[in-house]
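Taking it in order: structure first as structure tokens, then the write-up.
The values are calculated or read from the model by the stated rules, or taken from the named source; none is laboratory data. Source: prediction; values computed, not measured. Cβ: placed from backbone, ideal geometry, glycine included. Neighbour counts: every protein chain shown.
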Amino acid sequence: MVKNGKAGAEGMKIAVAGKGGVGKTTIAGTLARILAKEREVIAIDADPAMNLRFSLGIKENPRPISELKDLIAERTGANTELGSLGVFKLNPKVDDVLANYGVRSEGITLLVMGTVRKGGGGCTCPEHAFLRALLRHIFRRSEHVVMDCEAGIEHLGRGTARGVDIMLAVVEPSMSAVETAIRIKSLSSDIGISKFAVVFNKVPENRNSLNTLVRRISEENIVGCIPYDPALLKASIEGKPPFKASPAFVEHVKALKDEICDMLR
């Protein structure tokens with residue numbers, strides 16, 4: 001754990017993003033399990049696929065927050081006359097959501113954000129207002145937070161991003177995955193996330209092919225290279241969480257966690 005710094009006092013707030021299929025959710029879930037040995041963790045599934053529970057070893061997802069239509073309407077004022085005019089509370093009550101709608105397992109509380117259908121470009125809807133208020137509240141808490149994002153980091157805006165200590169982009173050895181990471185870095189910077197890191201995942205034994213990809217990313221941003229591990233594919237087929245399937249993979253993610261801690265000192 002980071003000491004004498006923000007992450008040591010308040011818990012690390014880590015957002016994890018990446019192109020589909022790179023192992024983003026596998027790493028996010030395993031990182032959460034490792035951090036839970038230090039202090040309580042809030043794991044946020046903000047990917048529309050809603051698969052983080054598998055990596056955490058949690059049997060069932062809680063109800064997605066975006067589906068709590070009645071609660072969101074009540075808390076944001078969407079069912080009032082002002083709501084009918086498109087005016088909503090931007091700071092609705094959310095401090096009871098974690099306890100009432102999270103699933104807790106071995107030091108981790110899982111929240112699933114769900115999906116929000118946009119009514120038009122740049123719209124602010126009650127669901128977005130509620131989710132962003134919820135994220136702001138969670139990022140102020142003392143627990144570690146690991147947020148599994150989609151590549152577009154849709155649930156983060158300028159207001160909520162202030163609570164994120166670092167954006168971790170997961171990249172497989174492909175140019176498309178690297179290009180996605182570069183876009184994630186740009187988006188993160190645009191909304192105020194100052195720390196950015198990259199971990200290469202599913203790396204083959206012969207790493208010479210990485211040289212071209214590494215040149216596309218500042219080496220100072222690279223915090224780890226995790227080898228391809230067939231045990232993880234087998235675990236995925238069997239529905240087994242990765243932290244129980246491969247001790248070697250867990251050790252690599254522990255090393256990744258230490259590198260993140262160093263960046264946050």
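See the values below:
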quantity: All helices (runs of 4 or more DSSP H) inside segment 147-265 with 3 or more residues being at pLDDT 90 or above and of a type in the set (A, V, I, L, M, F, W, C); calculated: 175-190, 230-238, 247-264
quantity: Scan of segment 189-199 for residues that are without any contact (Cβ under 8 Å) to a residue 24 or more places away in the chain and either under 21 Å from GLY23 (Cα atoms) or in contact with a Gly (Cβ under 9 Å, 6 or more places away or on another chain) (or both), ordered by number; calculated: none
quantity: Top-ranked residue in segment 140-152 [being surrounded by fewer than 23 Cβ atoms within 10 Å (Cβ to Cβ) and out of contact with any Ser or Thr (no Cβ under 7 Å at 6 or more places or on another chain); ranked as nearest to PRO204 (Cα to Cα)]; calculated: GLU150
quantity: Helices (runs of 4 or more DSSP H) enclosed by segment 31-114 - at least 2 residues per element that are on the phi > 0 side of the Ramachandran plot, more than 23 Å from the chain's Cα centre (by Cα) and surrounded by fewer than 17 Cβ atoms within 10 Å (Cβ to Cβ); calculated: none
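Condition check ((1) surrounded by fewer than 20 Cβ atoms within 10 Å (Cβ to Cβ); (2) free of Cβ contacts under 8 Å to residues at least 60 places away in the same chain; (3) under 18 Å from VAL16 (Cβ atoms); (4) in contact with an Asp or Glu (Cβ under 6 Å, 6 or more places away or on another chain)) across all residues:
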residue	(1), (2), (3), (4)
ASP165	no, no, yes, no
MET175	yes, yes, no, no
LEU187	yes, yes, yes, no
ASN201	no, no, yes, yes
GLU205	yes, yes, no, no
GLY239	yes, no, no, no
PRO247	yes, yes, no, no
